[in-house]
């Protein structure tokens with residue numbers, strides 16, 4: 001059983017969410033993205049983004065806690081992909097503090113997001129993952145039950161780096 005609790009994010013959580021986002025990006029993508037690009041992801045920029053997301057519930061945001069400490073977050077809502085049905089949800093972001101990787105916080109967040117998507121009437125959910133982010137792909141496929149949608153493969157520019165991203169999908173059951 002997980003020692004993590006999941007609850008809706010509040011305005012006072014924005015700083016911890018931003019700190020986790022920056023730390024997780026820098027750890028997960030250090031060998032994937034250019035160092036200059038990673039340095040541009042600052043706490044100030046993420047803080048502004050997550051404050052607004054919490055205020056307007058776009059995306060809906062949950063945090064995982066261990067005791068009083070926030071250790072991860074998930075943002076989810078309807079799919080942002082053009083032409084998708086209103087019953088398709090999307091995990092917009094799912095990040096856990098590197099010290100908590102592999103301990104169940106991500107799965108607790110996924111379970112919370114899945115429940116929220118069900119409440120919204122979603123029957124399927126997608127998530128976009130960089131192909132070179134092997135840890136995230138393993139989590140999505142093996143722990144959370146997503147399957148790759150091969151025709152969805154696309155190239156995304158991160159400054160000078162061009163990286164491939166793939167959409168994964170599963171039922172919200």
Going through the stretch 5-52 one residue at a time, which ones are out of contact with any strand residue (DSSP E or B) (no Cβ under 6 Å at 6 or more places or on another chain), touching a residue at least 24 places away in the same chain (Cβ under 8 Å), surrounded by 15 or more Cβ atoms within 10 Å (Cβ to Cβ) and in a loop (DSSP other than H, G, I, E, B)? 29, 32
Tell me yes or no: at least one residue of the stretch 88-95 is in contact with a strand residue (DSSP E or B) (Cβ under 8 Å, 6 or more places away or on another chain), in contact (Cβ under 8 Å) with a residue 24 or more places away in the chain and assigned to a loop (DSSP other than H, G, I, E, B). no
Residue in the stretch 99-122 that is over 22 Å from residue 145 (Cα atoms), under 14 Å from the mean Cα position of the chain (by Cα) and surrounded by 16 or more Cβ atoms within 10 Å (Cβ to Cβ) present: no
Test result for residue 110, within 23 Å of residue 167 (Cβ to Cβ), touching a strand residue (DSSP E or B) at 6+ places or on another chain (Cβ under 9 Å) and assigned to a helix (DSSP H, G or I): yes
In the stretch 125-138, which residues are touching a helix residue (DSSP H, G or I) at 6+ places or on another chain (Cβ under 9 Å), assigned to a strand (DSSP E or B) and touching a residue at least 40 places away in the same chain (Cβ under 8 Å)? 125, 127, 130
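Read the figures in this text as sums done on the coordinates, not as results from a lab. The structure presented is a predicted model; accordingly, all values stated were derived computationally and were not measured. All Cβ positions, glycine included, derive from the backbone under ideal geometry; neighbour counts span all protein chains shown.
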